[in-house]
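Everything below concerns the one structure shown next.
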Amino acid sequence: MTPYLSNIDQVIKNLKENQTFSSNIEYWDHIHSTKGNSEPIKNIHPILEKSLSILGINHLYSHQIEAINAINQGLNVVIVTGTASGKSLCYQIPILQSILEKGFPTALLLFPTKALTYDQLRAIKGLEKLLFPEAELSAVYDGDTPSGQRALIRKNTKILLTNPDMLNIALLPFHTNWRDFFSNLKYIV
């Protein structure tokens, strides 16, 4: 048993032995971990496959493959899995593949917090720099976006990360300024 698991086992043992705590617990259960099912990446643009490989991603979990296939068939998809389970790749791969193949599609990614928005931007930028080293395809458009950058973002961005408030306050009311972006909108996350 690893020291980490040993520490967790000790914490659980202490909780069970603590009468004040354990008297509030109706049922204890232990669910054993299972190994995820993964498959080698296939049926994606070779440049995207190579970029993922550079990042150490050579396999996808079965839920990722299923989601990507559904998205590529034009289906609406809802992905509900735990933290750090690869949900982001489920939409990043189809979006980037579509840009590689067709060049023009745009994507609107809505996130409830700045922290999550910028975390997602870092992940997308990591792939973007490998795929399109000379281009700036993704950008955040929120209340902190400098006014001098907003027109450039409207004109050039293929992957726009924002929040529901900005969508309702700054994008939809001024949809004519976003005509090119919205007319090519293929993905909403």
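If you scale each eigenvalue of the Cα gyration tensor by 5 and take the root, what three semi-axes come out for region 43-125, rounded to whole angstrom and sorted largest first?
19, 15, 15
Between region 82-153 and region 55-77, how far is it from one alpha carbon centroid to the other, in angstrom?
A separation of 17 Å, based on Cα centres.
Loop-only check: which GluC sites (Glu not before Pro) in region 1-88 are DSSP coil with at most 14 other Cβ within 10 angstrom?
Here the sparse-neighbourhood loop sites are GLU26.
Let me know the number of lysine pairs in region 59-189 closer than 21 Å at the Cα, not counting same-chain pairs under 8 apart.
Taking region 59-189 as the scope, the lysine pair count is 19.
May I ask you to list the chymotrypsin sites (Phe, Trp or Tyr not before Pro) in region 1-73 that are in a DSSP loop and have at most 11 other Cβ atoms within 10 Å of their Cβ?
Qualifying residues, ordered by number: TYR27, TRP28.
For the pair PHE104/ILE188, report the inter-label distance in nm, with labels modelled 7 Å from Cα in the Cβ direction.
2.1 nm
Find how much the distance from ASN58 to HIS32 grows on full extension, using 0.36 nm per residue of separation minus their present alpha carbon separation; answer in nm with one decimal.
6.7 nm
Given contacts defined as C-alpha pairs under 8 Å and at least six residues apart, what's the relative contact order of region 67-189, whole-number percent?
It comes to 31 percent, rounded to a whole number.
Could you please state how large a percent of the accessible area of the chain is carbon and sulfur, counting protein chains only and using a 1.4 Å probe? Mind showing how you got there, number by number?
Details: 6830 of 12340 Å².
Result for the chain: 55 percent of the exposed heavy-atom area is carbon or sulfur.
So how much accessible area does ASP29 have, in Å² to the nearest 10, using a 1.4 Å probe?
Taking all protein chains as shown, ASP29 has close to 100 Å².
What share of the DSSP beta bridges in the chain is antiparallel, in percent to the nearest 5? Before the final figure, lay out each step's value.
Working: 3 of 13 bridges.
Of all bridge pairs located within the chain, approximately 25 percent are antiparallel.
Is there a quick way to get the dipole size of the chain? I mean about its Cα centre, with the Cβ of Lys and Arg at +1 and of Asp and Glu at -1; what is the value in debye to the nearest 20?
The calculation lands at about 500 debye.
Per Stokes-Einstein, at 4 °C and 1.567 mPa s, what whole-number D in µm² s⁻¹ belongs to the chain, with the Kirkwood radius over Cα pairs as the hydrodynamic radius? Write down the numbers at each step before the final one.
Numbers: Rh = 19.3 Å.
In µm²/s, the coefficient rounds to 67.
For region 64-75, take each phi angle, set θ = phi - 60°, evaluate the Karplus expression 6.51 cos²θ - 1.76 cosθ + 1.60, and give the result in whole Hz per residue in order, putting x for glycine and proline.
Result, rounded to whole Hz: 5, 4, 4, 5, 4, 4, 5, 4, 5, 8, x, 8.
Can you give the extra length, in nm with one decimal, that the chain gains between LEU75 and SER22 once fully stretched, where that is 0.36 nm per residue apart less the Cα-Cα distance?
Answer, rounded to one decimal: 14.5 nm.
What are the ³J(HN,Hα) values, in whole Hz, obtained from phi via the Karplus relation 6.51 cos²θ - 1.76 cosθ + 1.60 with θ = phi - 60°, for each residue of region 159-176 in sequence order, with x given for Gly and Pro?
Once rounded to whole Hz, the list reads 10, 9, 9, 8, 10, x, 4, 5, 4, 7, 9, 10, 9, 5, x, 10, 4, 5.
Multiply the residue gap between ASN7 and ASN177 by 0.36 nm, knock off their C-alpha separation, and tell me the result in nm, one decimal place.
55.6 nm
Can you give me the accessible area per residue for the chain, using a 1.4 Å probe, in Å²?
Per-residue accessible area for the chain comes out at 65 Å².
The values are calculated or read from the model by the stated rules, or taken from the named source; none is laboratory data. Note that the coordinates shown come from a computational prediction; the quantities given were computed from them, not determined experimentally. For neighbour counting, all protein chains shown are included, and Cβ atoms are generated from backbone atoms with ideal geometry for every residue, glycine included. In case anyone asks, the SASA skips ligands and DNA or RNA and just uses the protein heavy atoms, side chains included. Shrake-Rupley method; radii C 1.70, N 1.55, O 1.52, S 1.80 Å.
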